[in-house]
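Colleague: Handing you this structure, nothing more for now.
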Amino acid sequence: MKLGIFAKTFEGTEPATVLNAVAAAGFTCAQYNMACSGLAPMPETITEAQAHAVGEAALSSGVEIVAVSGTFNMIHPDPAVREAGLRNLATLAERCAGMSTTLITLCTGTRDPIDQWKAHADNDTPEAWRDLLEAMGAAIEIVERYEVDLGIEPELANVVNSAEKAYRLIAALKSPRIKIVLDPANLFEVATLDEQRNIVSSAIDLLADRIVMAHAKDRNPDGRFATAGKGVLDYAHYLGRLKAIGFEGSLVTHGLSASEAAGAATFLKSSLSGEAAGAGR
């Protein structure tokens, strides 16, 4: 597996500055965010020069851009907000080739009008699912024009809040452009070790053929998020299940400070080496 990190973990508004910091911390790939180019995360405009600056910085730093963040609230209660998000998604998709990436990560959204990472009771309604299918259909039309894939991530606060719902979405859309970004810490808050392992195993088995990226963060015992390796997530089990399905993509950490990045890289490298050693026994 390739070891990566969210580029926006590091300060800077120039791609070379940020990606050199990624490399210095021990990572070989990154999930990019346009904020690292001094732009809005979902800009209305990205010039060809701005896109190529990312691609050139990736080449010079030796850091592969495995994805770029395209998150917006796909089921926002205001249709105008959803439409603006889709327009900006088209802007991003058009520039992916210049940034040397073919994957845009998305969040499936929430009915909360303020915070796209906050759960809402209406997320489970048929109307929310209908709006998601409509927005995803439009997003697929956009990325097909530019030969880019969409990585959706099941998370408890969003309309796709489980592996089962992600599978249902894939079945409904019938598009090879829909891929999965799997973060096990987004599939549970508080769980026993056996419950956690069952949730992670079931998700990986169910979505195996669509997983293109794995995320690496953690949960504290009380359910709060934690830096990878500093919580209760059973990384040996998680990485072992990914290996069992033949996953060879990127393992991308996030939700940590820049000062923690090198330590997280060391932990993840050790975990991956331990898994490889275990496989050889």
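The values are calculated or read from the model by the stated rules, or taken from the named source; none is laboratory data. It should be emphasised that the depicted structure is a prediction, and the values quoted were computed from it without experimental measurement. Cβ sites come from the backbone with ideal geometry, for glycine too, and all protein chains shown count toward neighbours. For the accessible areas, the whole protein counts, side chains as well, though only heavy atoms, and no ligand, DNA or RNA atoms are used. Shrake-Rupley method; radii C 1.70, N 1.55, O 1.52, S 1.80 Å.
Colleague: Which ³J(HN,Hα) values, rounded to whole Hz and listed in residue order, are derived for segment 25-35 from phi using the Karplus coefficients 6.51, -1.76 and 1.60 in 6.51 cos²θ - 1.76 cosθ + 1.60 with θ = phi - 60°, glycine and proline given as x?
Modeller: With the stated coefficients, segment 25-35 comes to 7, x, 10, 9, 8, 8, 9, 7, 9, 5, 4 Hz.
Colleague: Scan around I5 for amide H atoms under 5 Å from its own, H built in the peptide plane at 1.01 Å from N, and keep only partners 5 or more places away or cross-chain.
Modeller: It is C29, A30, Q31, T253, by chain and number.
Colleague: Taking the chain as a Gaussian network, where each spring joins two C-alpha atoms under 10 Å apart, which residue of A208, A121, A84 fluctuates the most?
Modeller: A121
Colleague: Turning to a different aspect of this structure: Using the heavy atoms of the protein chains alone and a 1.4 angstrom probe, what is the accessible area of segment 167-263 per residue in square angstrom?
Modeller: 43
Colleague: How much of the accessible area of the chain, probe 1.4 Å, is carbon plus sulfur, in whole percent? It would help to have the intermediate numbers written out before the result.
Modeller: Working: 6120 of 11980 Å².
Answer for the chain: carbon and sulfur cover 51 percent of the accessible area.
Colleague: In whole Å, how far is the Cα centre of segment 1-34 from that of segment 205-237?
Modeller: 20
Colleague: Run lengths n ≥ 4 of DSSP H only: what is the helix-derived mean residue ellipticity at 222 nm for the chain, with -39500 (n - 2.57) per run over all residues, to the nearest 500? Please list the in-between numbers first.
Modeller: Details: 8 runs with 121 residues, N = 281.
Taking each H run of at least 4 residues, the total per residue is -14000 deg cm²/dmol.
Colleague: Also, quick follow-up: With springs only between Cα atoms under 10 Å apart, run a GNM on the chain and tell me which of T28, T47, T101 wobbles the most.
Modeller: Largest GNM mean-square fluctuation: T47.
Colleague: Right, something else. Specify whether the C-alpha gyration tensor of segment 1-73 places it in the rounded, prolate or oblate class, a ≥ b ≥ c being the square roots of the eigenvalues: rounded for a/c under 1.5, otherwise prolate if a/b is larger than b/c and oblate if not.
Modeller: Taking the square roots of the gyration eigenvalues as a ≥ b ≥ c, segment 1-73 is prolate.
Colleague: What do you get for GluC sites (Glu not before Pro) in segment 178-266 restricted to DSSP loop and a cutoff of at most 10 other Cβ within 10 Å of the site's Cβ? Kindly include the intermediate steps, with their values, before the conclusion.
Modeller: Details: sites: E189, E195, E248, E260; in loops: E189, E248.
Answer by residue number: E248.
Colleague: Here's another thing I want to ask about it. Can you work out the accessible area per residue across segment 84-165, with the rest of the protein chains kept in place, probe 1.4 Å, in square angstrom? Each step should come with its number before you reach the end.
Modeller: Details: 3420 Å² over 82 residues.
With all protein chains present, segment 84-165 gives 42 Å² per residue.
Colleague: Also, I was wondering about something else. Tell me, how many Å apart are the Cα centres for segment 158-175 and for segment 70-89?
Modeller: 18
Colleague: Please calculate the 1.4 Å probe accessible area of T102, with all protein chains present, and give it to the nearest 10 Å².
Modeller: 90
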